[in-house]
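S.K.: Here it is: the structure, laid out below.
The values are calculated or read from the model by the stated rules, or taken from the named source; none is laboratory data. Everything numeric here is computed off the predicted structure, so don't read it as measured data. Counting neighbours? That spans all protein chains shown, and the Cβs are built from the backbone with ideal geometry, glycine included.
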Amino acid sequence: MIRATARGLLAALLLAAAPAWSQTAAIERVEPPHWWVGMRDTRLELMVHGPGIAAAHVRLRKAPAGVRLRGSSRLDGDNYLFIDLDIGAAAKPGPLTLDFIAADGKPVASQTYELRARAPGSAQRQGFDGRDAIYLVVPDRFANGDPANDNAGGLGDTVDRSNVDARHGGDIKGIAERLDYIAGLGFTQLWPTPLVENHQPSYSYHGYSPTDLYRIDPRFGSNEDYRQLVAQARAKGLGVIHDIVPNHIGSGHWWMSDLPARDWINQHSTYTETNHRHITQADPYVAPSDRERFAGGWFVPTMPDLNQRNPKLERYLIQNAIWWVEDAGLSGLRVDTYPYSDKAFLARWSGAVMREYPRLTLVGEEMSNNPLMLAYWLAGRPKHDGYVSHMPSMMDFPLHYWLREALVEPEGRSYGSGFGKLYEAMLNDALYPEPTRMVLFEGNHDTNRLFSALGEDAALHRIAITFIATTARTPQFFYGSEILMKSPVERADGAVRADFPGGWAGDVADAVSGRGLSDAERDAQQYLRKLLTWRKTAPAIHHGKLMHYHPLGGVYVYFRYTAQQKVMVVLNKNNEPTALDTSRFADMLTPRSTGTDVITGQRHALGQQLMLPARSALVLNVVEP
């Protein structure tokens, strides 16, 4: 089937036959589908796909002033042609026309391509940082706003809510209808897991097996629906973070039936899976074969591993990332399976994106409990091997793990147990150029639910939420954590990604209205709402310094402060009310200091002693007379 994916695509007409051309030759795809004038990198490489197109010569017949054809080239595949354009700095928006010429000099196809004007201020778009709080949703499991698209596109893997591993029907419209709820909780950024097409026979709901890198999956909506979602979110004070997967594709990707080149994917004589040894990318003693197996092996059999060492694939992936930022109007990219890609490619990829958008935020997924691995990928820190990265942020998996462990461990067993583990973990911030840009999360789609991990203990859950929202990090929360959603303790992806209550007609409970929620669930939701709403007004939390005191008697105290604001955070794991001697905090408090509880408004004298409720978290705005 011929499917046009570029705006303004003209019907291709075969006027004369040549040996390398089919009598039904046509242009089926041009990617990227469109581009913009005024980009910092003036080079644009189009990938044109159609039967026998590689044999064509290309002529630029009509174009805005300042647009130049640099040339064309091919790889192994007969059905791909790569067209290299230069979009000069002075070029104006408008259509250009490309003619495809057969070996005998006769035109065989023509293609129009649109160059658009950029949105004002696009290059200086603001990313996310410590001022923000991120809400993560799995779109298929969040809300079904349009049941009519549940099985759209003929992509298989139909909706079945009785099966935790099947599609459930959530979509972009469902998210859009709940933007007020998300913003009302105090969030400033929305991160949906991937929305691009996943034409896979099963497990397509999660989005991490992309089969068309430029198309929103029709079961979620359309590209225009996505653009509108981002615009609507922006109007409500929410940026949108796009989840992108440069490491692999899904086995149902259209490339797999017609590869552009033999080395487009990492192929082996037999199926070869990655060894999942992340440290091979940074280990000074690594065996080259181990490093190659990690980066060149496949994640799973249904996820072909892309070979980013192919220069044209590298260019394709760089342009794809920039295209989504520009086309949708994004505030950031979350990069899936970050270390699994070729690391030289990652340096060039991150550099290219950041040069185009110097204030954008890229955050990488490095699922390691070793802070040195996270630090290796961050920009601004010299590496032992001279590696240069341009990533401003990584997901803070080490602190995520240690926080959970600290809360369930008994206090006092050793200096490094309980809160002592959390206290010592903060030393790793010395490795990170900008700790507040690291994203600390209570949970995500690949972890069990925080409430379940903490033994369904609402008090510990509140302590965890408080730490994540107030320590020197950019906080991220998983949908449903605000209402104590549960999961099996052992990893069970389909159950962790359960349907958000109220997202489907007929749901008994509705998290947005509060209908059917328990008192504990409503209390947790209201606490997070108050905490994050206050957080938006607290520059000491956004970018202030941190000073903490070693835990004593099951109590951990730290301060966030600037020259204008001081915040005291007190975490108490004791099962009974505790009298806290505040004289040891003389570095930060005076005998006349007072603190106002940001949740209740209650004012506390902090000069000598502070009474702590059992198993509690206090966040106090400190006031000096």
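S.K.: Kindly indicate whether residue 59 is in a strand (DSSP E or B), of a type outside the set (A, V, I, L, M, F, W, C), surrounded by fewer than 20 Cβ atoms within 10 Å (Cβ to Cβ) and touching a residue at least 12 places away in the same chain (Cβ under 8 Å). Before you say what the answer is, go through the steps one by one.
M.R.: Values: in a strand (DSSP E or B): yes; of a type outside the set (A, V, I, L, M, F, W, C): yes; surrounded by fewer than 20 Cβ atoms within 10 Å (Cβ to Cβ): yes; touching a residue at least 12 places away in the same chain (Cβ under 8 Å): yes.
Taking the combined requirement at face value, the residue satisfies it.
Here is a yes/no grid of residues against (1) over 14 Å from residue 100 (Cβ atoms); (2) of a type in the set (Phe, Trp, Tyr); (3) in a strand (DSSP E or B):
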residue: 44; (1), (2), (3): yes, no, yes
residue: 48; (1), (2), (3): no, no, yes
residue: 54; (1), (2), (3): no, no, no
residue: 64; (1), (2), (3): yes, no, no
residue: 68; (1), (2), (3): yes, no, yes
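S.K.: So in the stretch 81-97, with the set limited to residues that are closer than 12 Å to residue 47 by Cβ and not aliphatic (A, V, I, L, M), which one is surrounded by the fewest Cβ atoms within 10 Å (Cβ to Cβ)?
M.R.: Taking the candidates together, the pick is 84.
S.K.: Would you mind stating whether residue 505 is modelled with pLDDT of 95 or more, surrounded by 21 or more Cβ atoms within 10 Å (Cβ to Cβ), aliphatic (A, V, I, L, M) and assigned to a loop (DSSP other than H, G, I, E, B)?
M.R.: Numbers: modelled with pLDDT of 95 or more: yes; surrounded by 21 or more Cβ atoms within 10 Å (Cβ to Cβ): no; aliphatic (A, V, I, L, M): yes; assigned to a loop (DSSP other than H, G, I, E, B): yes.
No: the conditions fail for residue 505.
S.K.: Spot the failing condition for residue 410; the list is (1) assigned to a loop (DSSP other than H, G, I, E, B); (2) touching a strand residue (DSSP E or B) at 6+ places or on another chain (Cβ under 9 Å); (3) without any contact (Cβ under 8 Å) to a residue 24 or more places away in the chain, and only one is missed.
M.R.: (2)
S.K.: Is it true that some residue in the stretch 159-170 is buried (at least 23 other Cβ atoms within 10 Å of the Cβ), under 26 Å from residue 361 (Cβ atoms) and touching a strand residue (DSSP E or B) at 6+ places or on another chain (Cβ under 7 Å)?
M.R.: Scanning the stretch 159-170 turns up no residue that is buried (at least 23 other Cβ atoms within 10 Å of the Cβ), under 26 Å from residue 361 (Cβ atoms) and touching a strand residue (DSSP E or B) at 6+ places or on another chain (Cβ under 7 Å).
S.K.: Could you please tell me which pairs satisfy a Cβ distance under 6 Å, a separation of 6+ or placement on different chains, a first residue in the stretch 207-226 that is under 13 Å from residue 155 (Cα atoms), and a second residue that is of a type in the set (Phe, Trp, Tyr) and assigned to a helix (DSSP H, G or I)?
M.R.: 216/226
S.K.: Could you run through the stretch 453-501 and say how many residues are farther than 24 Å from residue 568 by Cα, small (Gly, Ala, Ser) and crowded, with 21+ Cβ neighbours inside 10 Å?
M.R.: Residues in the stretch 453-501 being farther than 24 Å from residue 568 by Cα, small (Gly, Ala, Ser) and crowded, with 21+ Cβ neighbours inside 10 Å: 4 in total.
S.K.: Give the stretch 416-456 a look and list any residue that's without any contact (Cβ under 8 Å) to a residue 40 or more places away in the chain, out of contact with any Leu (no Cβ under 7 Å at 6 or more places or on another chain) and under 26 Å from residue 553 (Cα atoms), or say none.
M.R.: 416, 417, 421, 424, 427, 452, 456 - these are the residues of the stretch 416-456 that are without any contact (Cβ under 8 Å) to a residue 40 or more places away in the chain, out of contact with any Leu (no Cβ under 7 Å at 6 or more places or on another chain) and under 26 Å from residue 553 (Cα atoms).
S.K.: Follow-up. Select, from 432, 387, the only residue that is surrounded by fewer than 17 Cβ atoms within 10 Å (Cβ to Cβ) and under 25 Å from residue 361 (Cα atoms).
M.R.: Details: 432 fails: surrounded by fewer than 17 Cβ atoms within 10 Å (Cβ to Cβ).
When all the criteria are applied, what remains is 387.
S.K.: Return yes when residue 57 is in contact with a Lys or Arg (Cβ under 6 Å, 6 or more places away or on another chain) and modelled with pLDDT of 95 or more and no when it is not. Break it down stepwise before answering.
M.R.: Numbers: in contact with a Lys or Arg (Cβ under 6 Å, 6 or more places away or on another chain): no; modelled with pLDDT of 95 or more: yes.
In short, no.
S.K.: For residues that are loosely packed, with under 15 Cβ neighbours inside 10 Å and charged (D, E, K, R), scanning just the stretch 568-596, find the one that is farthest from residue 544 (Cα to Cα).
M.R.: The selected residue is 576.
S.K.: If you don't mind, another one. Among residues belonging to the stretch 545-557 that are free of Cβ contacts under 8 Å to residues at least 40 places away in the same chain and either aliphatic (A, V, I, L, M) or outside any strand (DSSP E or B) (or both), point out the one that is farthest from residue 610 (Cα to Cα).
M.R.: 552
S.K.: Further question on the same structure: Report yes if residue 426 is out of contact with any Cys (no Cβ under 9 Å at 6 or more places or on another chain), part of a helix (DSSP H, G or I) and not acidic (Asp, Glu), otherwise no. Steps first, please.
M.R.: On the way: out of contact with any Cys (no Cβ under 9 Å at 6 or more places or on another chain): yes; part of a helix (DSSP H, G or I): yes; not acidic (Asp, Glu): yes.
Yes; evaluated as a whole, the condition is true for this residue.
S.K.: If residue 401 satisfies every condition in (1) of a type in the set (Ser, Thr, Tyr); (2) free of Cβ contacts under 8 Å to residues at least 40 places away in the same chain; (3) touching a His at 6+ places or on another chain (Cβ under 9 Å) but one, which is the exception?
M.R.: Status for residue 401: all satisfied but (3).
S.K.: Go through the stretch 468-497 residue by residue and tally those that are in a helix (DSSP H, G or I) and either hydroxyl-bearing (Ser, Thr, Tyr) or over 22 Å from the mean Cα position of the chain (by Cα) (or both).
M.R.: Of the residues in the stretch 468-497, 3 are in a helix (DSSP H, G or I) and either hydroxyl-bearing (Ser, Thr, Tyr) or over 22 Å from the mean Cα position of the chain (by Cα) (or both).
S.K.: Suppose we filter 78, 104 for residues that are more than 35 Å from the chain's Cα centre (by Cα), charged (D, E, K, R), surrounded by fewer than 20 Cβ atoms within 10 Å (Cβ to Cβ) and under 26 Å from residue 264 (Cβ atoms); which single one remains?
M.R.: Working: 104 fails: under 26 Å from residue 264 (Cβ atoms).
When all the criteria are applied, what remains is 78.
S.K.: Of all residues in the stretch 536-557, how many are crowded, with 22+ Cβ neighbours inside 10 Å and closer than 30 Å to residue 183 by Cβ?
M.R.: Total meeting the criteria: 1.
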